[in-house]
Structure formats: C-alpha cells, structure tokens
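Student: Supplied in structure tokens, the structure appears directly below.
The values are calculated or read from the model by the stated rules, or taken from the named source; none is laboratory data. Please read these numbers as outputs of a predicted model, since none were measured by experiment. Here the Cβ positions follow ideal geometry from the backbone for every residue, glycine too, while neighbour counts run over all protein chains shown.
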Amino acid sequence: MEYNTARPKMLLPEYGRNVQNMISHAMEIEDREERNRATQAIIEVMGQLNPHLRDVDDYRHKLWTHLFIMSDFKLDVDSPYEIPERESLEEKPATMGYPKSKIRYGHFGQYTERILRDSKNVTDKKETDYLSSVMGNFMKKQFLKHNNTAVENTVIAEKLDELSEGKLSLENPEEDLTSTNQLLKTLGLQNTTNTNNNNRKSNNNNNQKKQFKKKQYKK
C-alpha cells in the first residue's frame, strides 16, 4: 500500500495529486506540439477545479504561473505569458516602515489632530468659526463612540483650543455643540446613564408593587 508520505511532494496541494501527475506526464512527452496540447488541457482542468480564480484579474495568467510552479519550472512549453522566474516568485517583499506618529488623545484620532494643527493656515473669520463648530461636534461624536455615557461640552472646547494651538475656540460650548442625546441617536447608541436611571426606577416601582401585594395578602 502506497502512502502519501512516500509519494513526491505536491508544490500546490490545492490542485490535488491528479493534476500534479498530469503535469509530470506532460513533462515526459517528447513531441512539443503534443506537449503543448496536453498543457492546454491541464490549464482547463485547473480552472475547473478552482473556479474562484475567475474573480481574480487575469486569472488565466495566474493558472499558467501555478502550472510552472508545480512543474518546478522544468516544463518546456509555449506559454501565452512570460514564463516566471523562480527568483522573482521567492523574493520577499520589502519591509514597510511602521508609522511612528504620536497621538495625544486616541479617541479623537490622528487625522483630527492633524486637521486642527493645520487650522492655523485658515485666515478668514467665518471659516474659522465654521471650522470650530464642525470640528467641535466631530470631536464630541468621536468621544461618545468610546464612552457613550456623557461628556462635558467645556471639555470638548478645551481640547479643541489645545489641539488647534489656540486657533479654534467655542465661545459658548453649551449652545455651539449638539446635545449629547441627539448625537447618540445619530450614532445608534443609548445614553447608559439615562438607561440605568430608568432601570432603577422600574425596579423600584416593581419592588413597591410586590410589597403592596404582600401587605394585602397578610390582611
């Protein structure tokens, strides 16, 4: 009995042992035209075994590349594409540099801080006021995404002034910023503080009703 461990290693197991054997047989065909016809048939079988590759751009090019890989780059046929080199496929991609920028407040995000830092280039008073209102509400929304209980408008105004280096400010945060409940609704969140208070009231009412029924029963 022959075990898979004793058989030749499959370079791309997802195509199965039969495709690997077909490629090995094609490599032994001496006539070039017959070898080309056999290779075309193998490509069709590979495409049928992996129909998901059709969603990939230029999937037939990918099939031919897999064919040469499974032949260990020893199959000599007329390919419609440039025959890949082993070194180019085994070459490791260059290491990407990891961003090292520091964020003062993670809940506001890096781009928020960058926009506020660049607000010093805005000179028009109307644009400055508009930017202060928009960014203030955006910062409040970002804060509520991380903590959907509550946030003081004065805190948002202080952080807006800090991150913009004094360029943007809110003279009246309570009026300039959208209410917390309204922002929570737009985010699809609930104010946990109000919810907890409502739950406590509901529990208290239920307890009072139970106690009242017990007194009636005793009488």
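Student: One residue is enough: does region 88-101 have a residue meeting the conditions more than 30 Å from Ile42 (Cα to Cα) and among the basic types (Lys, Arg)?
Tutor: yes
Student: Cβ-Cβ distance below 8 Å, separation of 6 or more or different chains: which pairs start in region 8-32 with a residue that is closer than 14 Å to Ile43 by Cα and at pLDDT 90 or above and end on one that is part of a helix (DSSP H, G or I) and polar (S, T, N, Q)?
Tutor: These pairs meet every condition: Ala26/Thr39.
Student: To continue, here is another question. Looking only at helices (runs of 4 or more DSSP H) that lie completely in region 25-102, which have at least 1 residues being in contact with a helix residue (DSSP H, G or I) (Cβ under 7 Å, 6 or more places away or on another chain) and of a type in the set (Phe, Trp, Tyr)?
Tutor: Fully inside region 25-102 and qualifying: 59-70.
Student: Determine which member of the set Asn137, Asn148, Asn153, Asn121 is in the same structural domain as Leu183 (by TED's automatic domain parsing), without any contact (Cβ under 8 Å) to a residue 24 or more places away in the chain and polar (S, T, N, Q).
Tutor: So the residue among Asn137, Asn148, Asn153, Asn121 that is in the same structural domain as Leu183 (by TED's automatic domain parsing), without any contact (Cβ under 8 Å) to a residue 24 or more places away in the chain and polar (S, T, N, Q) is Asn121.
Student: Could you list, in sequence order, all residues of region 40-71 that are farther than 19 Å from Glu85 by Cβ and either among the hydroxyl-bearing types (Ser, Thr, Tyr) or outside the structural domain of Pro84 (by TED's automatic domain parsing) (or both)?
Tutor: Answer for region 40-71, where residues must be farther than 19 Å from Glu85 by Cβ and either among the hydroxyl-bearing types (Ser, Thr, Tyr) or outside the structural domain of Pro84 (by TED's automatic domain parsing) (or both): just Tyr59.
Conditions tested, residue by residue: (1) touching an Asp or Glu at 6+ places or on another chain (Cβ under 8 Å); (2) at negative phi; (3) surrounded by 13 or more Cβ atoms within 10 Å (Cβ to Cβ); (4) at pLDDT 85 or above.
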{"residue": "Ala94", "(1), (2), (3), (4)": "no, yes, no, no"}
{"residue": "Lys141", "(1), (2), (3), (4)": "no, yes, yes, yes"}
{"residue": "Thr149", "(1), (2), (3), (4)": "no, yes, yes, no"}
{"residue": "Val155", "(1), (2), (3), (4)": "no, yes, yes, yes"}
{"residue": "Glu165", "(1), (2), (3), (4)": "no, no, no, yes"}
{"residue": "Glu171", "(1), (2), (3), (4)": "no, yes, no, yes"}
{"residue": "Thr186", "(1), (2), (3), (4)": "no, yes, no, no"}
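Student: Would you mind telling me which numbered condition in (1) surrounded by 11 or more Cβ atoms within 10 Å (Cβ to Cβ); (2) of a type in the set (D, E, K, R); (3) within 30 Å of Asp58 (Cα to Cα) Lys159 fails?
Tutor: Only one criterion is unmet by Lys159, namely (3).
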